[in-house]
Amino acid sequence: MNDRLTRAGLTDIADKLETGERLSLDDGVRLFACPDLLALGWLANREREKRHGARTYYNFNIRLEATNVCVASCLFCSFARLKPGDPGSYTMSLEEAWDKVRQRAHQPLTEVHVVNGLHPDLPFDYYLELLRGFKRIRPNLHLKCFTAVEIAFFADLYGMTDEDVLRRLQAAGLDSLPGGGAEIFAERVRRKICHDKCGADRYLEIHRTAHRLGMRSNVTMLYGHIETMEERVDHMLRARALQDETGGFQAFIPLAFHPDNNQMRKLPAPSATDTLRVHAVARLMLDNIPHVKAFWIATGVETAQLALWFGADDLDGTVQEEKIYHMAGARTPETMSTSAIRRLIRVAGREPVERDTLYNVITGPEAQDDAVALVQ
Ligand code: SF4
């Protein structure tokens, strides 16, 4: 491999990684520019295996989008509808949302993941009650709900500070924050693709506050649209800097841009090789974030399997009911049973490990997991 790394011009970066020296912005840009994908993958895999060996994590979760009414106008979004009553718009009643969990009483669910549009008319109590109801129905369920963009929106709409919003949601049952809404932190990109939602500094500040309040979170990156390689690496470095301060991020999640049914439909979707490169560079740059997730809904199942050799150690989970990517043209299934996830990890040559949201390993007879039939 040394010859190959030399030919790829990556020897100095390989040496830095071996001695634990941090990679710089320049290093990250060079990694993206390196034509030898396998040399890059080899380095990323070495870092992945140092941390996790062959282990590949997944969880038994459900994703729920309670409303797609949204006052923002992100160009890449195929999910949002401007007003209640617009064709395709929906807002679940609390009972409808709670029913999604009640109907799964037989499933060994460990997490509910909720993200929504920015609805201008719902009262704050709707969100508080949503959480309280989930906890009443299943007290042990981990509630990973509301992106930093939603938290900022709630604060502005209901006249509270970001911290007050987080505290009140936490008191109602919120356990952690998902990483959505990060897109690309660079101002140039945000101005063009998502000018009317919370900016990068506030996104990071909300995560900082959530970590201080004892919550964990994830951080995402939407790639494959108008961003440059420098902007991708800058995004990773901003996440790394906050992680140095708080240690509260659990996973970095690259999210592939999907071009169907949105205002950026003239752009192509990112290629599989770009997807592998993004996961690999993320693993190499983010020395302090434990997990890199290949979100199979967004990457496609086969590319997610490959990513397990390019730095990724987590596949998200059963998901169920995903709408955001499917409205943008994702051709992946909307759900996967735990037995299917375990199988696809095994045939990729990795070892499946069920985890909860906080990466505690769930032990129990595999056969029991594998016997669970998901409600379609
Ligand atoms: S990405 Fe989120 S905030 Fe932006 S338009 Fe879509 S639902 Fe609204």
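Scalar couplings 3J(HN,Hα) for the stretch 351-360, obtained by applying the Karplus form with A = 6.51, B = -1.76, C = 1.60 to θ = phi - 60°, are 10, x, 9, 6, 10, 9, 4, 8, 6, 6 Hz; x denotes Gly and Pro.
Couplings for the stretch 75-88, taken from phi via the Karplus curve 6.51 cos²θ - 1.76 cosθ + 1.60 with θ = phi - 60°, read 5, 8, 8, 10, 8, 6, 10, 5, 10, x, x, 4, x, x Hz in order; Gly and Pro are left as x. At a Cβ-Cβ separation cutoff of 4.7 angstrom, cysteine residues of the chain with no neighbouring cysteine are Cys34, Cys70, Cys145, Cys198. Express as a percent, rounded to the nearest 5, the fraction of DSSP beta bridges in the chain (both residues included) that run antiparallel. The antiparallel proportion sits near 5 percent. The trypsin sites (Lys or Arg not before Pro) of the stretch 227-297 that meet both conditions, a loop assignment by DSSP and at most 15 other Cβ atoms within 10 Å of the site Cβ, are Arg265, Lys266.
How large is the dipole of the stretch 160-309 about the Cα centre if only Lys and Arg carry +1 and Asp and Glu carry -1, each at its Cβ, rounded to the nearest 20 debye? Here the stretch 160-309 has a charge dipole of around 160 debye.
Peptides 32-40, 67-75, 112-120, ordered by how many other C-beta atoms sit within 10 Å of their residues on average, highest first, read 112-120, 67-75, 32-40.
For the chain, a crude dipole built from +1 on the beta carbon of Lys and Arg and -1 on the beta carbon of Asp and Glu, taken about the Cα centre, is about 320 debye to the nearest 20.
Normalising the average separation of contacting C-alpha pairs (under 8 angstrom, six or more residues apart) by the number of residues puts the relative contact order of the stretch 144-209 at 44 percent.
Note on the stretch 172-214 and the stretch 221-272: Cα centroid distance 13 Å, given to the nearest whole angstrom. Can you flag which of Lys100/Lys192; Lys266/Lys293; Lys135/Lys192; Lys197/Lys293; Lys266/Lys323 are past 30 Å Cα-Cα? From Lys100/Lys192; Lys266/Lys293; Lys135/Lys192; Lys197/Lys293; Lys266/Lys323, over 30 Å: Lys100/Lys192; Lys135/Lys192. Scoring 313-321, 8-16 by mean Cβ neighbours within 10 Å over their residues and listing the highest first yields 313-321, 8-16.
Peptides 151-162, 214-225, 248-259 ranked from most to least packed, by the mean per-residue count of other Cβ atoms within 10 Å: 248-259, 214-225, 151-162.
For the chain, what relative contact order do you get, as a whole percent, if you take Cα pairs closer than 8 Å and at least 6 residues apart? With pairs under 8 Å counted, the relative contact order is 22 percent. In this calculation the C-beta distance from Glu95 to Asp36 is compared with R0 = 45 Å, giving a FRET efficiency of 0.25. Averaged per residue, the chain has 38 square angstrom of accessible surface, using a 1.4 angstrom probe with ligands and nucleic acids left out. Surface composition of the stretch 136-216: carbon plus sulfur atoms hold 46% of the accessible area, using a 1.4 angstrom probe and ignoring ligands, DNA and RNA.
The modelled label-to-label distance between Asn2 and Gln263, using points 7 Å beyond Cα along the C-beta direction, is 5.4 nm. Were the residues from Arg191 through Leu128 laid out at 0.36 nm apart, the gain over their Cα-Cα distance would be 19.5 nm.
The values are calculated or read from the model by the stated rules, or taken from the named source; none is laboratory data. Given the structure is predicted, the values throughout are model-derived calculations rather than measurements. FYI the Cβ positions are ideal-geometry reconstructions off the backbone, even for glycines, and counts take in every protein chain you see. Heads up: the accessible areas ignore ligands, DNA and RNA and are worked out on the full protein's heavy atoms, side chains in. Shrake-Rupley method; radii C 1.70, N 1.55, O 1.52, S 1.80 Å.
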